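In what follows, a single structure is set out as structure tokens and then discussed.
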Amino acid sequence: MECVKTDTGIKIRGVYDLDLAQTLDCGQSFRWVETDNGFEGIAYDKKVTMRMDGDTLYIDSANEADFEKIWKSYLDLELDYGKIREELSEIHPILKEAGEYASGIRILRQEPWEALCTFIISQNNNIKRIKGIVERLCENFGAKIDGGYGFPTAETLAKLSPEDLQPLRAGFRNKYIIDAANKVVSGEVELEKCRTLPYDEARAELMKIKGVGVKVADCALLFGLHRIEAFPVDVWMKRALETLFPEMTAEDFGEYAGIAQQYIFHYSRMHPELFIAN
């Protein structure tokens, strides 16, 4: 990859296996919006607009230092997804087809607290509503940054009560957000430790938080701590497994199960006809 300065930001040549729509708008993160100029969003307190032209990635309002420090990691550009997709394709012919269909998906390396908090908000919710709650959370409690608001820290939210979060219109999730903030700030839940703990222990660590079950813990581990062996199962994924992979379990997808999960999720969501009963 080669990073070059432009009039509006930077461009990175030699970027492969990246489709911004598949990656930024597939339910991993909830702070990206598609505009006429590309995908506009905020991560790590930086607001940028991204677009692709062939194998060149443009990031407006960014510089070379930002790319090295934030965006290269955030988009997981140093992991060889082509090679991983080849390995996954050998597991099952439908997974091969799903991987080819969703070949532009990468697993975002999000800030761990943000990922945990947003997936707590995601419970029994749809993407449009999740985005609205997250936007109100940032506007009400996040730090002002150039062009918007950063994601509020656990320290900021730990000073609040569930009642203080009423403007979010997040309902029962308010008390879970506050409990998560308190346990992260106190050290009762150590997010960074979850990067290296045995997987079951990392999941159990996050499930100390009220309202965090297996699915939310798996999402936080996959999208916030890059535990790409995680395989979150929601209603869509349960249906996909039962229909497309009836003889398989999450463990059968191996060390890259999280990437396989994203391929299957996107493929299934875009092919609802697969689930119409004969």
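The values are calculated or read from the model by the stated rules, or taken from the named source; none is laboratory data. Values in this document were obtained by computation on a predicted structure and should not be read as measured data. Glycine also receives a Cβ, built like all others from the backbone with ideal geometry; neighbour counts cover every protein chain displayed.
Has the range 106-115 got any residue that is farther than 13 Å from Gln28 by Cα and crowded, with 19+ Cβ neighbours inside 10 Å?
Step one: of the range 106-115, the residues farther than 13 Å from Gln28 by Cα are 113.
Checking which are crowded, with 19+ Cβ neighbours inside 10 Å leaves us with 113.
Yes, that holds for at least one residue.
In the range 182-194, what count of residues is obtained for those that are in contact (Cβ under 8 Å) with a residue 40 or more places away in the chain, surrounded by 15 or more Cβ atoms within 10 Å (Cβ to Cβ) and either in a loop (DSSP other than H, G, I, E, B) or not β-branched (Val, Ile, Thr) (or both)? Steps first, answer last, please.
Of the residues in the range 182-194, the ones in contact (Cβ under 8 Å) with a residue 40 or more places away in the chain are 184, 191-192, 194.
So of that shortlist, the ones also surrounded by 15 or more Cβ atoms within 10 Å (Cβ to Cβ) come out as 184, 191, 194.
Remaining after also requiring either in a loop (DSSP other than H, G, I, E, B) or not β-branched (Val, Ile, Thr) (or both): 191, 194.
Number of matching residues: 2.
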Filter the range 220-263 down to residues that are farther than 29 Å from Trp113 by Cβ and in the same structural domain as Ser122 (by TED's automatic domain parsing), then give me how many there are. 0
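In this structure, does Glu229 turn out to be free of Cβ contacts under 8 Å to residues at least 60 places away in the same chain, at negative phi and assigned to a helix (DSSP H, G or I)? Even if it seems obvious, please write down each step before you answer.
Values: free of Cβ contacts under 8 Å to residues at least 60 places away in the same chain: yes; at negative phi: yes; assigned to a helix (DSSP H, G or I): no.
Criteria not met by Glu229.
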Leu116 passes all but one of (1) in the same structural domain as Gln22 (by TED's automatic domain parsing); (2) of a type outside the set (S, T, N, Q); (3) more than 23 Å from Cys3 (Cβ to Cβ); which number fails? (1)
Within the range 138-151, work out how many residues are touching a residue at least 24 places away in the same chain (Cβ under 8 Å) and under 21 Å from Thr49 (Cα atoms). 9
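Of these, Lys96, Lys69, Lys46, Lys83, which one is surrounded by fewer than 17 Cβ atoms within 10 Å (Cβ to Cβ), under 30 Å from Ser186 (Cβ atoms) and not assigned by TED's automatic domain parsing to the domain that holds Leu168?
Values: Lys96 fails: under 30 Å from Ser186 (Cβ atoms); Lys46 fails: surrounded by fewer than 17 Cβ atoms within 10 Å (Cβ to Cβ); Lys83 fails: under 30 Å from Ser186 (Cβ atoms).
Of Lys96, Lys69, Lys46, Lys83, the one residue that is surrounded by fewer than 17 Cβ atoms within 10 Å (Cβ to Cβ), under 30 Å from Ser186 (Cβ atoms) and not assigned by TED's automatic domain parsing to the domain that holds Leu168 is Lys69.
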Looking at Asn63, Asn37, can you tell me which residue is of a type in the set (S, T, N, Q) and over 12 Å from Ile10 (Cβ atoms)? Asn37
Which members of the range 48-98 meet the condition of being polar (S, T, N, Q), part of a helix (DSSP H, G or I) and in contact (Cβ under 8 Å) with a residue 12 or more places away in the chain? Ser73
Conditions: (1) surrounded by 16 or more Cβ atoms within 10 Å (Cβ to Cβ); (2) out of contact with any Ser or Thr (no Cβ under 7 Å at 6 or more places or on another chain); (3) at pLDDT 95 or above. Ile178 meets all but one. Number of the miss? (2)
